[in-house]
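Enquirer: Just passing along the structure, written as structure tokens.
The values are calculated or read from the model by the stated rules, or taken from the named source; none is laboratory data. The model shown is predicted, which means the values in this text are computed figures rather than measured ones. We place every Cβ from the backbone using ideal geometry, glycine too, and count neighbours over all the protein chains shown. For accessibility, only protein heavy atoms count, side chains too; no ligands or nucleic acids. Shrake-Rupley method; radii C 1.70, N 1.55, O 1.52, S 1.80 Å.
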Amino acid sequence: MPELPEVETVRDGLDRLVVGAVVRDVEVFRDYSVRRHDGGPAGFADQLRGRRLAAAVRRGKFLWLPLEDSGAALLAHLGMSGQLLVRDPAVAGDWAHPHLRVRLHLAGARSGAEYLDFVDQRTFGHLTVVDLEPTPDGAPGGLGSDLPAVPEPVAHIGRDPLDPAFDADAVVAAVRRRRTGIKRALLDQTLVSGVGNIYADEALWRARLHFARATDRLRPSEVRRALGAATEVMTESLAQGGTSFDALYVNVNGESGYFSRGLAAYGRAGEPCPRCGAPIRRDAFMNRSSYTCPVCQPRPRHGRW
Ligand SMILES: [Zn+2]
């Protein structure tokens, strides 16, 4: 799965390369890739044709392009293997990716890009055109636009820690009202979005909190420390870059090696904790794994897994 910093890299690239362009035409090569769109492939194309891409907006791992003067947006779910490729045939030739599912033909992009391609090998991802609805707090719907609107399928998703409108006090209070473990709370997209398994483990290692610490027994300062650490690791990962739009090609399949250099705990079972040297421990957790330092992050007596 792509993590938040990778989706943000894509958002930033779309912002620079295709925002402002008009959708001239749409080709759907695999109907399944627009399966969530009411009206099927033809309706999907009709809603996009002639519309200007007004912005590129992200909340958590959700990415959308509001369509000018329509009250709607193109919403992209990248799934496990989805990619958005911006292509300029003058530079890249007319080569098409073997897993090309949907192609938007663009006109008037500042970058000269002519295609926005949705490529998806495993077809878990999909594209839809959805209505925008006003945000309950009146703040922008996500990072990338001042528009106080959010796609209907994203409305129940919490803001992510990189969102300027993220309300840390409110999230700290909401986390402590839950009766769960701190890692489950970090992964709960209705509380705070965009924190995946890797970043949750890294944040908890930095905050010196075991993943099973009960949220209703944590002090506000501890919850704040965990959220702050999550913000920190994601910001650092973004700064490291890794994937780039510069070659008019972006890979968002989560296998780009993003941030692998900087991992302190995640995926390092048996290796020394960078802080104290104790071997990192792996526990099964929600059909996945959790990595902790047994010394820096002692296991609580009344934990919640
Ligand atoms: Zn340690």
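Enquirer: If each Cα of the range 102-245 is one equal point scatterer, what is log10 of I(q)/I(0) from the Debye formula at q = 0.12, 0.18, 0.20 Å⁻¹?
Expert: Taking Cα atoms of the range 102-245 as identical point scatterers yields -0.63, -1.14, -1.25.
Enquirer: Kindly report the accessible area of the range 1-109 per residue (heavy atoms of protein chains, probe 1.4 Å, no ligands, DNA or RNA), in Å².
Expert: Details: 4170 Å² over 109 residues.
Value for the range 1-109: 38 Å² per residue.
Enquirer: Go ahead and run the numbers for FRET between Ala173 and His302, Cβ-Cβ distance against an R0 of 22 Å, rounding to 0.05.
Expert: Working: r = 21 Å, r/R0 = 0.97.
About 0.55, to the nearest 0.05.
Enquirer: Hey, if we sort Trp305, Trp205 by accessible area with the 1.4 Å probe, largest down, what's the order? Working shown, then result.
Expert: On the way: Trp305 100, Trp205 25 Å².
Most to least solvent-accessible, the answer reads Trp305, Trp205.
Enquirer: Quick one: Karplus J couplings for the range 52-57, per residue in order, coefficients 6.51, -1.76, 1.60, θ = phi - 60°, nearest Hz, x for Gly and Pro?
Expert: 8, 7, 7, 6, 10, 10
Enquirer: Let me check against my output: what whole-number percent is the relative contact order of the chain, with C-alpha pairs under 8 Å and at least 6 apart? Don't skip to the end; give the middle numbers.
Expert: Working: 673 pairs, mean separation 57.5, N = 305.
Reported as a whole number, the value is 19 percent.
Enquirer: So how far apart, in nm, are the two label points at His97 and Val295 if each is 7 Å from Cα heading toward Cβ?
Expert: Result: 4.5 nm between the two label points.
Enquirer: Considering every Cα-Cα pair within the range 153-208, what fraction, in whole percent, is farther apart than 17 Å?
Expert: On the way: 559 of 1540 pairs.
The calculated P(r) of the range 153-208 puts 36 percent of pairs beyond 17 Å.
Enquirer: Ignoring the sites themselves, what is the longest stretch of the chain with no trypsin sites (Lys or Arg not before Pro) in a DSSP loop and at most 12 other beta-carbon atoms within 10 Å? Working shown, then result.
Expert: Numbers: sites that count: Arg110, Arg122, Arg179, Arg301.
The longest such stretch corresponds to 180-300.
Enquirer: Using a 1.4 Å probe on the protein chains only, how many percent of the accessible area of the range 34-164 belongs to carbon and sulfur? Write out the running numbers ahead of the final one.
Expert: On the way: 2650 of 5300 Å².
Here carbon and sulfur together make up 50 percent of the probe-accessible area.
Enquirer: Now a separate question. Using a 1.4 angstrom probe on the protein heavy atoms only, could you order Met286, Met234 from most to least accessible area? Mind dumping the intermediate values first?
Expert: On the way: Met286 80, Met234 0 Å².
I get Met286, Met234, largest accessible area first.
Enquirer: Among Ser81, Ser221, Ser70, which one moves the most in a GNM of the chain with springs linking Cα atoms closer than 10 Å?
Expert: Ser221
Enquirer: Then there's this: Could you tell me the accessible area of Asp169 in Å² (1.4 Å probe, neighbours in place), rounded to the nearest ten?
Expert: Its heavy atoms expose roughly 100 Å² to the probe.
Enquirer: Per-residue accessible area for Asp94 at 1.4 Å probe radius, Å² rounded to 10?
Expert: We get 110 Å² for Asp94.
Enquirer: Still on this structure, please answer the following. How much solvent-accessible surface does Leu227 expose, in Å² to the nearest 10, with a 1.4 Å probe and all protein chains in place?
Expert: The value for Leu227 is about 10 Å².
Enquirer: Okay, which of the range 150-187 sit inside 17 Å, backbone N to the point 7 Å along the Cα-Cβ direction of Ser221?
Expert: Residues 169, 172-173 qualify, since their backbone N sits under 17 Å from the label point.
Enquirer: Same structure again: Return an integer: the convex hull volume of the alpha-carbon atoms of the range 37-138, in Å³ per residue. Could you put the intermediate results ahead of the total?
Expert: Values: hull volume 12.5 nm³, N = 102.
So the per-residue Cα hull volume is 122 Å³.
Enquirer: Rounded to a whole number, what is D in µm²/s for the chain from Stokes-Einstein with the Kirkwood radius over alpha-carbon pairs (25 °C, 0.890 mPa s)?
Expert: Working: Rh = 20.3 Å.
Rounded, D is 121 µm²/s.
Enquirer: Further question on the same structure: Note down the net charge around Gly228, summing +1 for each Lys or Arg and -1 for each Asp or Glu among other residues with Cβ under 11 Å from its Cβ. Numbers along the way, then the final one.
Expert: Numbers: positive: Arg206, Arg224, Arg225; negative: Glu222, Glu232.
Computed value for this residue: +1.
Enquirer: I want the local charge near Ser193. Using Cβ-Cβ distances under 11 Å, sum +1 for each Lys or Arg and -1 for each Asp or Glu among the other residues.
Expert: Details: positive: Arg58, Arg59, Lys61, Arg159; negative: Asp160, Asp163, Asp188.
With Lys, Arg at +1 and Asp, Glu at -1, the neighbours total +1.
Enquirer: At q = 0.15, 0.18, 0.27 Å⁻¹, what is the log10 ratio I(q)/I(0) for the range 117-195, with the Debye formula run over Cα points and no solvent?
Expert: For the range 117-195, the Cα-only Debye profile gives -0.65, -0.86, -1.26.
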